[in-house]
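Data block below; observations after.
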Amino acid sequence: MPAVSKGDGMRGLAVFISDIRNCKSKEAEIKRINKELANIRSKFKGDKALDGYSKKKYVCKLLFIFLLGHDIDFGHMEAVNLLSSNKYTEKQIGYLFISVLVNSNSDLIRLINNAIKNDLSSRNPTFMNLALHCIANVGSREMAEAFAAEVPRILVAGDTMDSVKQSAALCLLRLNRTSPDLVPMGEWTARVVHLLNDQHLGVVTAATSLITTLAQKNPDDFKTSVSLAVARLSRIVTSASTDLQDYTYYFVAAPWLSVKLLRLLQCYPPPEDAAIRGRLTECLETILNKAQEPPKSKKVQHSNAKNAVLFEAISLIIHHDSEPTLLVRACNQLGQFLQHRETNLRYLALESMCMLASSEFSHEAVKTHIETVINALKTERDVSVRQRAVDLLYAMCDRSNAKQIVAEMLSYLETADYSIREEIVLKVAILAEKYAVDYTWYVDTILNLIRIAGDYVSEEVWYRVIQIVINRDDVQGYAAKTVFEALQAPACHENLVKVGGYILGEFGNLIAGDPRSSPLVQFNLLHSKFHLCSVPTRALLLSAYIKFINLFPEVKGTIQEVLRSDSQQRNADVELQQRAVEYLRLSCIASTDILATVLEEMPPFPERESSILAKLKRKKGPGTVPDIEESRKERSANVNGGTNHTSATSNAKVAASSTDLLGLGSASTSLSSTPPAAPPAASSLLVDVFSENSPAAAAAAPIAVPTTAAPVADDNFSRFVCKNNGVLYENQLLQIGLKSEYRQNLGRMYVFYGNKTSTQFLNFGTSVVCQDGLASQLNVHLKPADPTVDGGAQLQQIVNIECVSDFMEAPVLNIQFRYGGTLQNIAVKLPITLNKFFQPTEMTSQDFFQRWKQLSAPQQEVQKIFKAKHSMDTEVTKAKIIGFGVALLDGVDPNPSNFVGAGVIHTKTTQVGCLLRLEPNTQAQMYRLTLRTSRDTVSQRLCDLLSDQF
Amino acid sequence: MIKAILIFNNHGKPRLSKFYEHYTEDTEQQIIRETFHLVSKRDENVCNFLEGGILIGGSDNKLIYRHYATLYFVFCVDSSESELGILDLIQVFVETLDKCFENVCELDLIFHVDKVHYILGEMVMGGMVLETNMNEIITQVDAQNKLEKSETFIFQSPRQDR
């Protein structure tokens, strides 16, 4: 007999649904619905008390109307009344209505909670289950407050029925997700772990889900679950398929539970205990062996279930990354799947192999599948699968196969789906740069990129090619020749014109010897594109022209003629007009020497993180449209950037405000502490101009020391976490002020020693001590300072800082001097903290959550819940987060009172992306801070630093 | 975690929607539409997984779906779920519906939305898999029906019912 017979049910409901289905138009449907809503409303409002059956029928109708996409703004009270009915069916429909229609901040929550409370204590398992379901489905804070203590009790009580235990476990999991601060850890935790031994596999499955989530946050509390999980897994894996009866699914023993257990084990490193470790290895081997056995059934469900377990086992092997033989076996297994006829398996194999490629043990093994992957790129019908193939090619690329992979990706790009083109462009550009042995190949590749997919080549990509050409003189001639040839094409992409304009402007002289590319030919070629280009590109071309005047005096007349034309001198665009006027003037009045100095070749760019790599990190994910803010920024960078080298004399104001072309900031120019490529003579001119307006300039006035400040505490260290300037230390004799600036992994600190007495300090000396490991993580260099400080005077000392890798401790500044006859010794912690090396990263909500997900390994997240020490002012909090160094992202968190930030920590050896989220709870005066970074030490350190600030 | 479970027909008409995260009614409807567009344009025999639409969190989430006759069953899940596991769960869900309704068809879902919700409730709770054993699920559903039957005699006669 079917469990639901078709004859029963409510006739009124059936008639209503049939009416709706017979409606010929949307209007008719709405009319019918409105009629019904009016009917129900009047019934609810009417004097006649409705019986349970009618209530149930009307609530069902409301549910149906809601499903069709209409708002339901009444009936809630009736639903709540149904909750307290003694009849199961009425209670059930009441709970259904609440779960579907009541959102977490409804006013009715208190009434609902009351009904739930009664049902939880009813000892009727059916009612208890209904109540637990409701809590889990709504999951609101008020519910958590009301039941967070009760649910664990039900879960571990000895006399609770299995089905209730299952519900209680998942209910607790849900509460822990939505309001972790309200779910107290306690003596129940140990008993929850023991549920892994429960007889009922449904209970074990639910408990495993719960423990996995809890263990991600508190790995230490649940360490004992590892051995139990291994034991359980081992029993399942070695059982005959009939042992587990109902939990055997198409001849596979308890596949869901196996998957969950394998997930749980991924929260931990490989077990230390040799016996447990051996047993786990045995399990994994058995699972891998089973994959080679002939299938016990031809049904797709059988292979799905079997492979679900297999893929999870492979994930665990990759996660442990410690058993070379298992890793290679996993790789071979995935290799088989790459050619499987099931699309799903090919998809998953590509995805898993991506992770495998980053393990040193299996990287080579993964590489052997390159032909198959390339073939997948060419022949897969499904774009999702092709996308995974691109990801894998990117992951498996190294110096030995870069040329092949880049070539394949380029040829795929010609036919690739629009949604993934930009990502492929970025990936090609990164690989080409990273693995370029000879840079002619690199230049060719990028120009090909622009030719094939010019619209998807972002600013960063062409910025980068120019950075590289300028820094490598062995490729400049080739680049000039190649762009010249590329520009011959009758239709070429504007990005090519930009690259061409810039490179010929700098290095056109290298190919000018050939009569086919004489200066005039070059100029005419560029100028033939001029009228087809947008304003920023035209501006760039004008700068190229003035550079031509310097490079090739013979075309000066021609170019001046162009600059003099009405269309330039009276251009409606102010930037173009200004350039034309100034350049023309400059070319007329300046002597050759001055012209040569002003228009000298660009100095090499300091080595820095590839801007495109940062871009890919930010923008992984198809079809993201850059927001207006961002594109505007890029445009202005572009417009002003072109003047960087000429404006020094013509317009100091423009220069000072100019946004950096290629990301070379004015601040870093004036900060002479970026040594790799010391800017040659030409740029010293720039330094002066910049420092005039630059707040970063070394000549900045000594800081204003706040004399009215209240007595300063001994240790002001934590005050400097979110700001860079202020008073670090003060006693009766000496005041130490700080002013610091950071860029990438470099920093400079100005320390001001103020003599508060009227007597001279003698033998004044300072030193910095980096204890223990810190010396290798942080380079701190003190510039020598005067040995005396006059009474009432201030001495300035410069400290140069380089962050080599992430660090925890702070260096100590020791100060020694003689005052009167006595030797004074002072030691102060210098507030150089890891967060100083942040670069803020703007990103969209989508990118944020994608990155957030990628950092989901348990050790990557650190969370802290703490009491507010200061008043919880939104603006102050915002300022602190920005001061901390990350970009504050608006509109990312669905809850507007939460704060979300993102940034990248720059160290010399690596870069660590960091996402943070701060959730204030003003009622409880608490905060919850969550940090996710790719390194556990970084997450921990940043969390400690920031949580101290509120 | 399972973020949402959606069932709609070949024309995009929703037949069941269950969200385990809170969205406004409006967004829920938009998500259903967006998901329908993503899923319905795919050929048969391509893979059953794809990245989620923007509204539901983009590529953070995967859509795992199966297409049966006139209906699409779509589960939207985050990275903590096994893709093949969810695919099997959909199968269990459908097989259970089939047992409960005897050859389930779209009309059954239309006229018994409440029942479908109850069956789903036995399998998924608060976004987590509660039970995967079909016999266990059906036992629970049967028990519910018995309770319901024992209460029906109290109901009014259907004649006045409108």
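Calculated FRET efficiency, A:I798 and A:E272, Cβ-Cβ r, R0 41 Å, to nearest 0.05? It comes out at approximately 0.25.
Computed from phi, the 3J(HN,Hα) profile of region A:132-142 under the Karplus parametrisation 6.51, -1.76, 1.60 (θ = phi - 60°) reads 5, 4, 5, 4, 5, 6, 7, x, 7, 5, 4 Hz, with x in place of Gly and Pro. Taking every C-alpha pair closer than 8 Å and separated by at least 6 residues, the mean separation divided by the residue count of region A:402-561 gives a relative contact order of 17 percent. Ordered by the number of other Cβ atoms lying within 10 Å of each residue's own Cβ, fewest first, A:M355, B:M1 fall into the sequence A:M355, B:M1. Our coupling estimate for region A:365-378, obtained by passing each phi through the Karplus curve with A = 6.51, B = -1.76, C = 1.60 and θ = phi - 60°, is 4, 5, 4, 5, 9, 4, 5, 4, 5, 4, 4, 4, 4, 7 Hz, Gly and Pro reported as x. Since only A:G12, A:A330, A:V230 are under comparison, the one whose Cα sits farthest along the positive direction of the charge dipole of the protein assembly as shown, derived from C-beta charges on Lys, Arg, Asp and Glu, is A:G12. A:K864: which lysines have alpha carbons under 16 Å from its alpha carbon, excluding same-chain residues fewer than 8 sequence positions away? Partners within reach: A:K217. The alpha-carbon positions of region B:1-53 define a convex hull whose volume is 86 Å³ per residue.
Be a star and scan region A:277-293 for residues whose amide nitrogen sits under 12 Å from the point 7 Å along the Cα-to-Cβ vector of A:F251. Under 12 Å, as judged by backbone N against the label point of A:F251, lie A:293 of region A:277-293. Among A:E342, B:E131, a tally of other beta-carbon atoms within 10 Å of each Cβ gives an order, fewest to most, of A:E342, B:E131. Pairs of Lys residues in chain B that lie 8 or more places apart, or on two chains, and have C-alpha atoms under 17 angstrom apart add up to 10. Summing charges over neighbours of A:S565, with a neighbour being any other residue whose Cβ is under 14 Å away from its Cβ, gives +2 when K and R count +1 and D and E count -1. Backbone amide hydrogens, once placed in the peptide plane, bring A:Y249 within less than 5 Å of A:A254, excluding anything fewer than 5 places away on its chain.
Each Lys and Arg contributes +1 and each Asp and Glu -1, all at the Cβ; summed about the Cα centre of chain A, the dipole is approximately 2860 debye. Backbone amide hydrogens, once placed in the peptide plane, bring B:E51 within less than 5 Å of B:L63, excluding anything fewer than 5 places away on its chain. Each residue of region A:80-87 was assigned a 3J(HN,Hα) from its phi angle through the Karplus expression (A = 6.51, B = -1.76, C = 1.60, θ = phi - 60°), giving 4, 4, 4, 4, 8, 5, 8, 7 Hz with x at Gly and Pro.
Annotation: extensible slack from A:N375 through A:D417 equals 13.4 nm (criterion: 0.36 nm per residue apart, minus Cα-Cα distance). Here the sum of -39500 (n - 2.57) over DSSP H runs of 4 or more residues, divided by the residues of the protein assembly as shown, equals -16000 deg cm²/dmol at 222 nm, to the nearest 500.
Relative contact order, whole percent, for region A:786-859 stands at 21, derived from Cα pairs under 8 Å and 6 or more residues apart. Pairs from the table (A:K61/A:K91; A:K829/A:K867; A:K87/A:K165; A:K880/A:K908) lying more than 18 angstrom apart at Cα are A:K829/A:K867; A:K87/A:K165; A:K880/A:K908. For chain A, the relative contact order is 5 percent, taking Cα pairs closer than 8 Å that sit 6 or more residues apart in sequence and dividing their mean separation by the residue count. Using the Cβ-Cβ distance between A:A38 and A:Q923 with R0 set to 35 Å, the FRET efficiency works out to roughly 0.30.
When A:V151, B:V94 are sorted by how many other C-beta atoms sit within 10 angstrom of their C-beta, beginning with the fewest, the order is B:V94, A:V151.
Less than 5 angstrom separates the built amide H of A:L734 from those of A:K756, all sequence-distant by 5 or more or on a different chain.
Any read-out appearing in this document is the output of simple, stated calculations on the displayed coordinates, not a laboratory observation. From a predicted model like this one, the values you see are computed outputs, not experimental measurements. Cβ sites come from the backbone with ideal geometry, for glycine too, and all protein chains shown count toward neighbours.
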